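In what follows, a single structure is set out as structure tokens and then discussed.
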Amino acid sequence: MADNARYVIAPPPQAEIAVAGTDKTFPVRRIWCVGRNYIEHIREMGQDERAPPFFFAKPADAIVPDGGTVPYPSLTKDMHHEVELVVALKSGGRNIPVSKANDCIYGYAVGIDLTRRDLQIASRDVKRPWEIGKAFDHSAPCGPLKPAAETGHPTKGKIVLKANGKVRQEGDLNQMIWNIPETISKLSEMVELRAGDVIMTGTPSGVAATVAGDKLECEVEGVGKLTVTIGPPAK
Ligand code: MN
């Protein structure tokens, strides 16, 4: 049978992230995000500094490419930017030891965990899930991936977000509470990780509202850049 003939509708397109300097792309299976992984962001959100970081997810098709436009999402009056180092996996497994975790990494990029903060907090306050605040359409802009073969495995380096040319978020990868191998290892205790999985590794302080017309420019030293524009709401 022809590949698509067994589907009752056309299969949805494969979500993907560009690979820097090539015409190839990285196919995305799942997007996981780490909550509260930089101490200054935990302080600005008024959360417990001693609680371990935790995970939530976004749909794979929330990816927005470098140079893209994010339609201002529905229902919110307080969308925030959270610049994050993105890790893309070329392999996975369950209960991956910290010492083996870097072997699973294809490469790195810079991304934004866009958040409908008002809706996230409303859900949190009534102990409901975070999806409506975190997992909305176009909520995961991600710049081109650089293979770890080129970048190595970064453990320090500036992570910055500018809005309309002004620095809003500035931190260093060395401020992560859980480093990348620890994050991969811990997540692999909760779910089986596989090639195509992507992890957004938490944000430094300085999260703030972003509105239609804003140009967001992000950079992780040694990894790359990402520029996106916030546009008017989708019609
Ligand atoms: Mn985040």
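Number of residues in region 163-208 that are closer than 20 Å to I63 by Cα and either out of contact with any Leu (no Cβ under 9 Å at 6 or more places or on another chain) or not acidic (D, E) (or both): the value is 12.
Inclusion of R124 among residues that are over 13 Å from the mean Cα position of the chain (by Cα), within 16 Å of the ligand (Cβ to nearest atom) and either modelled with pLDDT under 95 or in a strand (DSSP E or B) (or both) is warranted. In the set (1) in contact with a strand residue (DSSP E or B) (Cβ under 9 Å, 6 or more places away or on another chain); (2) part of a loop (DSSP other than H, G, I, E, B); (3) not acidic (D, E), H41 fails one condition alone, (2). Screening R116 on (1) touching a His at 6+ places or on another chain (Cβ under 9 Å); (2) away from the ligand (no atom under 14 Å from the Cβ); (3) free of Cβ contacts under 8 Å to residues at least 60 places away in the same chain shows it passes everything except condition (2).
Filter region 127-161 down to the residues that are part of a helix (DSSP H, G or I) and small (G, A, S), then identify the one that is farthest from the ligand (Cβ to nearest atom). Spell out how you get there, then give the answer.
Restricting attention to region 127-161, the residues satisfying the condition of being part of a helix (DSSP H, G or I) are 131-134, 148-151.
Checking the rest, the ones that are also small (G, A, S) come to 133, 148-149.
Details: G133: 11, A148: 22, A149: 27 Å.
Looking at the filtered set, the residue picked out is A149.
Looking at region 74-107 only, could you name the residues that are within 16 Å of the ligand (Cβ to nearest atom) and either crowded, with 18+ Cβ neighbours inside 10 Å or in a strand (DSSP E or B) (or both)? Of everything in region 74-107, those that are within 16 Å of the ligand (Cβ to nearest atom) and either crowded, with 18+ Cβ neighbours inside 10 Å or in a strand (DSSP E or B) (or both) turn out to be T76, M79, H80, H81, E82, V83, E84, L85, V86, V87.
Picking from residues in region 18-58 that are more than 16 Å from W130 (Cα to Cα) and hydrophobic (A, V, I, L, M, F, W, C), the one that is surrounded by the most Cβ atoms within 10 Å (Cβ to Cβ) is F26.
Which residues, counting only those in region 34-72, are within 16 Å of the ligand (Cβ to nearest atom) and of a type in the set (K, R)? Quick ask: steps written out before the conclusion?
Let us first name the residues in region 34-72 that are within 16 Å of the ligand (Cβ to nearest atom), namely 34-47, 51-59, 62-64, 70.
If the condition is that a residue be within 16 Å of the ligand (Cβ to nearest atom) and of a type in the set (K, R), then R36, R43, K58 are the ones that fit.
In region 186-214, of all residues being touching a Phe, Trp or Tyr at 6+ places or on another chain (Cβ under 9 Å) and assigned to a helix (DSSP H, G or I), the one that is surrounded by the fewest Cβ atoms within 10 Å (Cβ to Cβ) corresponds to M190.
The values are calculated or read from the model by the stated rules, or taken from the named source; none is laboratory data. Just so it is clear, the model here is predicted, and its values are computed rather than measured. Every residue, glycine as well, gets a Cβ built from its backbone with ideal geometry; the counts of neighbours run over all protein chains shown.
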